[in-house]
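Derivation of every value follows stated rules applied to the coordinates shown; laboratory data play no part. All values derive from a computational prediction rather than experimental measurement. Every residue, glycine among them, receives a Cβ derived from its backbone with ideal geometry; neighbour counts consider all protein chains shown.
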Amino acid sequence: MSENEASDKHRTLLSILIALAAVTGALVSWHALRVGGAASGEDGKAVTAALDEAASESAIASEIFGYLTNARRFQLHRDNAKAVREDAMKNAAVPDRWLDEWQGESIRAQARIAELDTDFLKIEGGRWTFDRERYERTRRSQIAMEKALDPAPFIERSAAKRREANLLVSFNALFAAAIFLFTVALKTDLRGKLVWTAAGGLAYLAGAGLALWRVLT
């Protein structure tokens with residue numbers, strides 16, 4: 001094989017290697033873009049979780065206010081009913097309408113208290129009290145079972161994916177170096193071609209190997 005034929009074959013090989021390095025770099029960039037898109041998706045989930053958490057806290061606060069209001073009303077009606085009953089027992093002349101009113105208030109109070117979960121009501125000192133801490137724990141647990149409320153895991157996953165995307169993009173420096181070395185090899189003599197081609201091949205193999213390792217792991 002003449003020197004010219006060998007040079008032409010080497011030139012053809014280098015052209016193929018340059019194209020291969022360019023295509024591989026493009027594929028790595030495409031995968032990095034996908035990973036970056038996944039990171040943005042995790043950011044969106046984090047924002048949703050944070051908003052849901054704030055909305056849930058607001059809803060819990062509103063529910064607690066309603067519970068406390070109804071509990072106070074129930075205690076008030078209970079105290080009034082007790083006073084009316086005691087007065088009626090002492091005074092036989094108490095009008096029947098008082099007793100009817102007392103019974104009506106008792107029924108309405110029972111209806112209001114029935115809207116509450118009595119698991120969160122307790123009696124302290126003979127009075128109804130609302131176990132706010134237990135209610136908050138229970139409601140947060142219930143809501144957490146229905147939706148994600150903590151943005152931290154999403155933020156952590158997003159940061160990990162962005163680091164991965166940045167690392168993949170950095171591998172393009174090796175592909176660019178390989179293309180540069182292959183291009184230099186095109187402009188040198190036969191002996192120099194082999195050296196520059198080998199150097200470019202090592203840069204390409206390093207970039208391709210690292211990229212493949214990151215994609216598969």
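The table for this structure:
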| quantity | calculated |
| --- | --- |
| Residues of the range 28-40 classified as without any contact (Cβ under 8 Å) to a residue 12 or more places away in the chain and not aromatic (Phe, Trp, Tyr), total | 2 |
| Residue that is farthest from Ala22 (Cα to Cα), among those in the range 143-159 that are of a type in the set (Gly, Ala, Ser) and surrounded by 14 or more Cβ atoms within 10 Å (Cβ to Cβ) | Ala144 |
| Residue satisfying all of: in the range 167-196; without any contact (Cβ under 8 Å) to a residue 40 or more places away in the chain and within 46 Å of the chain's Cα centre (by Cα); nearest to Ser40 (Cα to Cα) among these | Ser170 |
| Ala211 being hydrophobic (A, V, I, L, M, F, W, C) and part of a helix (DSSP H, G or I) | yes |
